[in-house]
Amino acid sequence: MTTNLTQTISKKLLVALLIVAIGAEILLYVSRYSYLASTLYDAVMVASIFVGMKLHPRLRDEHAAPKTKRQLTLQFTGAFLLFFLGSTIINVYSNMVFKDFSTDYDQYVQAYTEIQSGVPENHAPKMTPFWSFIDKIDTIGDDLYTDSLAGLEEVWRLAYIILILLVCKKLFSKRWETGSRDPFLMVALFLTSVIFGVDHTLDTESAWTVKIGTIVTFTNMGFLFGIILLWTRNLWLTVLVHSIYDITATVSWYYLDYAVELFALVVLIVHITLFIMEKRKNRQIRLVENVHTNIAE
């Protein structure tokens, strides 16, 4: 995998990688002071789709047979369940260890929920039912748009992994040529996870006790996404897992209680069903191969 990821890249692609990785972080930090920077950050995330198209083929295993739709669906359901279980454990841990982070996050969710629920401010003009409905649709649409863009952070992650591997290849050329490159990949995974955690503190100012909890929590979640990326070797599947988890989390917080858990239950049922079907298919294939082998003998 490291050989494919560190293939020669053009100057244009290198610039694109730097913009998606480092440029996005700068814009994210400046967005705490500038609405324009926030808009530009969204634009970079959208543009990263085209960068992802260039990077995705580098993850593929050239010697592996193409996966069927059922196998791809199984990968998605397995990856989602892995992240759901891991994030649940991480959230429980953070709630127990980082009290300030947990309290601050709960207050943020509660305040935003009140806004989404249409709790009027003291001097806010009353809306007609029609415009209230339009406002609700607009708010939900904005949430879904933001959560969908969040999935494209996986393009950011892959861009950073490639940049870190290229640096390692340059600095440790002798070790690289020996073929022992897994430690470099693990270093890239660890560093991108930490940066992912730090990035979640860039756009807002908060106390250090809250920042520490945020960094640890999202570093662990970033590590899970990185594991999913390297396991599936599928950038767009990882993007989909990230986006859908964020969407269901938003729905769970603001619109429908336990939406994440309900969706995970549906995914589990689908996963078990497809797993059984895939096993039966493989068993039938082996039986046919055995029959052909016996006939040939």
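The values are calculated or read from the model by the stated rules, or taken from the named source; none is laboratory data. It should be emphasised that the depicted structure is a prediction, and the values quoted were computed from it without experimental measurement. Glycine gets a Cβ as well: all are built from the backbone with ideal geometry, and neighbour counts include every protein chain shown. Surface accessibility is based on the protein's heavy atoms, side chains included, excluding ligands, DNA and RNA. Shrake-Rupley method; radii C 1.70, N 1.55, O 1.52, S 1.80 Å.
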Checklist entry - Quick one: in the range 248-263, which of the residues that are surrounded by fewer than 21 Cβ atoms within 10 Å (Cβ to Cβ) and hydrophobic (A, V, I, L, M, F, W, C) is farthest from the chain's Cα centre (by Cα)? => result L256
Next on the checklist: Please go through (1) under 22 Å from K170 (Cβ atoms); (2) open to solvent by less than 70 Å² (accessible area, probe 1.4 Å); (3) among the aliphatic types (A, V, I, L, M) for V15 and return the number of the only condition it doesn't satisfy.
Outcome noted: (2)
Checklist entry - In the set S243, S180, S252, which member is part of a loop (DSSP other than H, G, I, E, B) and of a type in the set (G, A, S)? => result S180
Next on the checklist: Return the residues of the range 158-207 that are basic (K, R) and touching a residue at least 24 places away in the same chain (Cβ under 8 Å); say none if nothing qualifies.
Outcome noted: K169, R181
Checklist outcome for this item: Flagged in the range 184-210 as open to solvent by 60 Å² or more (accessible area, probe 1.4 Å) and assigned to a helix (DSSP H, G or I), in numbering order, are M186, V187, F190, L191, W208, T209
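Each row is one residue, and each column tells you yes or no for (1) in contact with a Leu (Cβ under 7 Å, 6 or more places away or on another chain); (2) closer than 28 Å to S193 by Cβ.
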| position | (1), (2) |
| --- | --- |
| G213 | no, yes |
| V216 | no, yes |
| G226 | yes, yes |
| L235 | yes, yes |
| L240 | no, yes |
| T248 | no, yes |
| K281 | no, no |
| Q284 | no, no |
Checklist outcome for this item: Only unsatisfied item for F275, checking (1) surrounded by fewer than 17 Cβ atoms within 10 Å (Cβ to Cβ); (2) at positive phi, is (2)
Checklist entry - Which pairs do you get when a residue that is at positive phi, found in the range 208-236, comes within reach of a residue that is open to solvent by 30 Å² or more (accessible area, probe 1.4 Å), reach meaning Cβ atoms under 9 angstrom, with the pair 6+ apart or on two chains? => result R233/M1; R233/R60; R233/D61; R233/A64
Checklist entry - Of the residues T250, T232, T238, T273, which single one is of a type in the set (S, T, N, Q) and closer than 18 Å to T88 by Cβ? => result T250
Item to check | Segments classed as helices (runs of 4 or more DSSP H), wholly inside the range 22-111, with at least 1 members that are out of contact with any Phe, Trp or Tyr (no Cβ under 7 Å at 6 or more places or on another chain) and open to solvent by less than 30 Å² (accessible area, probe 1.4 Å) | outcome: 35-55, 69-97
Checklist entry - Regarding K174, is this residue modelled with pLDDT under 90, open to solvent by 20 Å² or more (accessible area, probe 1.4 Å), in a helix (DSSP H, G or I) and basic (K, R)? => result yes
Checklist entry - Just a yes or no: is a residue in the range 211-228 open to solvent by less than 50 Å² (accessible area, probe 1.4 Å), more than 19 Å from the chain's Cα centre (by Cα) and modelled with pLDDT under 95? => result yes
Checklist entry - Among the residues of the range 238-253, is there at least one that is of a type outside the set (D, E, K, R) and closer than 17 Å to I161 by Cα? => result yes
